[in-house]
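Below: one structure, written as C-alpha cells.
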Amino acid sequence: MSSPLPRLRADLDFMPSPVEQNPGLLIRDSFRYSDSVLIIPPPLVQCLSCFDGQQTQLDLRALLVEILGDLQVGDLEDQLIDVLTRSGFLDDDTFLVMKAQREREFAESTTRLPTHAGSAYPADSEELGKTMLEWMGPNTSAANGDNLIGIAAPHVSPAGGYESYRAAYGLLGPKYRERTFVVLGTSHYGAGERFGLTRKPYVTPWGASRTNVALVDELTRQAPDAVAMEDYCHAVEHSIEFQVLFLQSIFGPDISVLPILCGSYAQSIYRGGKPESNDHVNRFLGSLGEIAAREGDRLLWVLGIDMAHMGRRYGDEFEALANENEMLAVGGRDRERMDRMAAGDAAGFWDLVQQNHDDLKWCGSSPVYTFLKVMPKARGSIEKYEQWNIDAQSVVSFAGMSFR
C-alpha cells in the first residue's frame, strides 16, 4: 500500500497570484524558513488537498487524471511533489532541516538583520534616505508633539501607509532622542499568550540600534513563563522593524529600543475573559507596568499596529474597496475602537475586540491592550485614519495616533 503524502504546512501564506499573466494560488513561507515563492496554476490548486497527511500518491494521480482527462500524468505528479518538497512547504524531513538551520542562524547571530530591506524599503542607505524624505517630508526639527508618552503607527508597507506613519512620527522632535523606545509590535506568528523578546539589536541600512538589555532581562526574570526569549519571530517580523526604521530616520541609528512582540491573546478572544486572566500574561503586564511607573519619561511607547483586514484575501466573501460599501461600516467600527483607545479604556476596547471573535481581524489589538493596561492614564488623539486596498479585493485599515 502506498504511504501517505506529507502534510502541507499549516503556517504558509496563501493568496491569489498578484501576477496577471501568471494566475493561480501564490504560496510563500511566512516564517521565511524557505525563500521560495510558488504560484500553483488554477487547474492544480485542488491537488493541494491531497497533501493532508492521509491521502497517498495514488490519490494524487487519480485526481490529476480526473482534472486533465489524461492518463499520462506521472511526470506532473512527480514534479508537484518535488517542487513542494524542495520548497520546504511540506511537513517532512526536508523542512525540518531548513527550520533547524534558520533558527540556529538566528540564535547564533549577534544582531537582528533587516529582513525587509530591498523589498518593503530600499536596502541602500542613500536611496533609503531619499525614499524616507518622500514618505516623511521635511525634517522634524520643528515637530510640535509636546508631552508625548507614546504614538501608534501602522506596520503595513510604508509605501501604502506613509501618511499615517508621517502623522505619528512627525510629532517626534529632538527632545525625545534620549528615550528608550518601547516598541510593542504585533506578533503575527508567535504563540497567543506569549511575549517575544530578544537582546539582539535591530539593524537597518543606516546601522544598528541599541537594545535595552537590562529591561529585557528584568522582564525575563519577573515573568519567565510569559516570555519567548530570543524568539525566532523577531527574525521575520516586520511590525517592529518598520518602527525602528522610522525612529532612526528621525534620531539616527543609535537609538535605545525595548522590542516586544505581543502574541494575539487568541485564548481571550475566542474563549472569553480578559487576557490577564492568564496568570503568565498577568505577571508580564504587571512587570511591564512596574517598569513604566519607575522609568517614567525615560521611556516613549511606540505601537506598531494595523487595524481591520477585510475582503477576499482575508477570507471574507465580499470584495473590499477602501472607503466604499462594506468598508464604510468597518470605518465606523474602527473609530469606535480608536475612541476607546483615546479614552484609555482598556476594558471597553477589549469588549469591542471580543465581539464576533474580532470579525474585523484587527492586527494590533494585543499591543494596544498591553499598552492600555500598562499605561492606564494615557489619553490619545487620532492624527490620521486610512483604508488601503492591499489588492483589488482586500483592504487594510490603519492610523497614526498620539498619546499623552
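Kindly indicate whether Leu171 is under 20 Å from Arg298 (Cβ atoms), over 18 Å from the mean Cα position of the chain (by Cα), hydrophobic (A, V, I, L, M, F, W, C) and surrounded by 15 or more Cβ atoms within 10 Å (Cβ to Cβ). Yes: the conditions hold for Leu171.
Is it true that Glu324 is open to solvent by 70 Å² or more (accessible area, probe 1.4 Å) and part of a loop (DSSP other than H, G, I, E, B)?
Working: open to solvent by 70 Å² or more (accessible area, probe 1.4 Å): yes; part of a loop (DSSP other than H, G, I, E, B): yes.
Spelling it out, Glu324 is indeed open to solvent by 70 Å² or more (accessible area, probe 1.4 Å) and part of a loop (DSSP other than H, G, I, E, B).
Candidates in region 226-246 are the residues that are open to solvent by less than 10 Å² (accessible area, probe 1.4 Å) and of a type in the set (D, E, K, R); of these, the one that is nearest to the chain's Cα centre (by Cα) is Glu237. Being open to solvent by 40 Å² or more (accessible area, probe 1.4 Å) and outside any strand (DSSP E or B) holds for only one residue in Ser164, Ser249, and it is Ser249.
Inspect region 208-225 for any residue being among the hydroxyl-bearing types (Ser, Thr, Tyr) and open to solvent by less than 10 Å² (accessible area, probe 1.4 Å) and give the result as yes or no. Please lay out each step first, then the result.
In the first step, residues of region 208-225 are kept if they are among the hydroxyl-bearing types (Ser, Thr, Tyr); the result is 209, 211, 220.
Narrowing the set further to residues that are open to solvent by less than 10 Å² (accessible area, probe 1.4 Å) leaves 209.
Checked against the condition, which is being among the hydroxyl-bearing types (Ser, Thr, Tyr) and open to solvent by less than 10 Å² (accessible area, probe 1.4 Å), region 208-225 yields at least one hit.
Output the residue which, of all residues in region 291-321 that are outside any loop (DSSP other than H, G, I, E, B), touching a residue at least 40 places away in the same chain (Cβ under 8 Å) and farther than 16 Å from Arg404 by Cα, is most open to solvent (accessible area, probe 1.4 Å). Steps first, answer last, please.
Residues of region 291-321 outside any loop (DSSP other than H, G, I, E, B): 291-304, 309-314.
Checking the rest, the ones that are also touching a residue at least 40 places away in the same chain (Cβ under 8 Å) come to 291-292, 295, 297-304, 309-314.
Then drop every residue that is not farther than 16 Å from Arg404 by Cα, which leaves 291, 304, 309-314.
Numbers: Ile291: 2, Gly304: 0, His309: 24, Met310: 14, Gly311: 0, Arg312: 104, Arg313: 66, Tyr314: 59 Å².
Top of the filtered list is Arg312.
Out of Ala378, Ala347, one residue alone is more than 19 Å from Ser239 (Cβ to Cβ), modelled with pLDDT of 95 or more and either hydroxyl-bearing (Ser, Thr, Tyr) or buried (at least 18 other Cβ atoms within 10 Å of the Cβ) (or both). It is Ala378.
Selection of region 211-241 for residues being small (Gly, Ala, Ser) and outside any strand (DSSP E or B) yields Ala214, Ala223, Ala226, Ala235, Ser239. The C-beta contact set for region 56-67 (first residue under 15 Å from Asp78 (Cβ atoms) and of a type in the set (Ser, Thr, Tyr), second residue open to solvent by less than 70 Å² (accessible area, probe 1.4 Å) and not in a helix (DSSP H, G or I), distance under 9 angstrom, 6+ apart or interchain) comprises Thr56/Ser2; Thr56/Leu5. Answer yes or no as to whether Lys384 is surrounded by 16 or more Cβ atoms within 10 Å (Cβ to Cβ) and touching a His at 6+ places or on another chain (Cβ under 8 Å). No; evaluated as a whole, the condition is false for this residue. Taking Ala392, is it of a type in the set (Gly, Ala, Ser) and touching a Lys or Arg at 6+ places or on another chain (Cβ under 7 Å)? Criteria not met by Ala392.
The values are calculated or read from the model by the stated rules, or taken from the named source; none is laboratory data. From a predicted model like this one, the values you see are computed outputs, not experimental measurements. In this analysis, Cβ positions are derived from the backbone assuming ideal geometry, glycine residues included, and neighbour counts consider all displayed protein chains. Only protein heavy atoms, including side chains, enter the accessible area calculation; ligands, DNA and RNA are left aside. Shrake-Rupley method; radii C 1.70, N 1.55, O 1.52, S 1.80 Å.
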